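The structure appears right after this line, and notes come after that.
The values are calculated or read from the model by the stated rules, or taken from the named source; none is laboratory data. Everything numeric in this text was worked out from a predicted model, so none of it was measured. As a convention, Cβ positions derive from the backbone with ideal geometry for all residues, glycine included, and neighbour counts pool all protein chains shown. Accessible surface is based on the protein model in full, side chains and every heavy atom, while ligands, DNA and RNA are left aside. Shrake-Rupley method; radii C 1.70, N 1.55, O 1.52, S 1.80 Å.
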Amino acid sequence: MENLLDSWWKDHFSIPPTITMEVDHMETCKEMVSSGFGYAILPDIVLGDTEYKYRIQLRTKHGEPILRKSWMIYRKDSLQISLIHAFVDFIKSLNLM
């Protein structure tokens, strides 16, 4: 099954991406891109308000923004801990789910 990014790439480019390195931490990826080592496709929430020279929202070939649903799994009784309750409320306020 083709994933969302593969489908987006095929819709916008006629040749496959040149991938010479992959990293498993978003912060490492951001630092590499900031240092001029290529490009990255990252969730907007990871970038925050940081200014990047080139930053675009991925869109379908019909111009619709590409969005993914986010899920958060937690035990209901863990909401009794004020820090966890505040975090869950914060994430809900972002309308990511």
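On the stretch given as region 62-97, residues that are among the acidic types (D, E) and either in contact with a His (Cβ under 9 Å, 6 or more places away or on another chain) or open to solvent by less than 80 Å² (accessible area, probe 1.4 Å) (or both) total 1. Screening M32, M72 for residues that are on the phi < 0 side of the Ramachandran plot, part of a helix (DSSP H, G or I) and either of a type outside the set (S, T, Y) or free of Cβ contacts under 8 Å to residues at least 24 places away in the same chain (or both) leaves exactly one candidate, M32.
In region 1-29, what count of residues is obtained for those that are without any contact (Cβ under 8 Å) to a residue 24 or more places away in the chain, open to solvent by 70 Å² or more (accessible area, probe 1.4 Å) and not β-branched (V, I, T)? Qualifying residue count for the region: 14.
Would you confirm whether any residue within region 56-67 is touching a residue at least 12 places away in the same chain (Cβ under 8 Å), in a helix (DSSP H, G or I) and among the basic types (K, R)? Among the residues of region 56-67, not one is touching a residue at least 12 places away in the same chain (Cβ under 8 Å), in a helix (DSSP H, G or I) and among the basic types (K, R), which makes the answer no.
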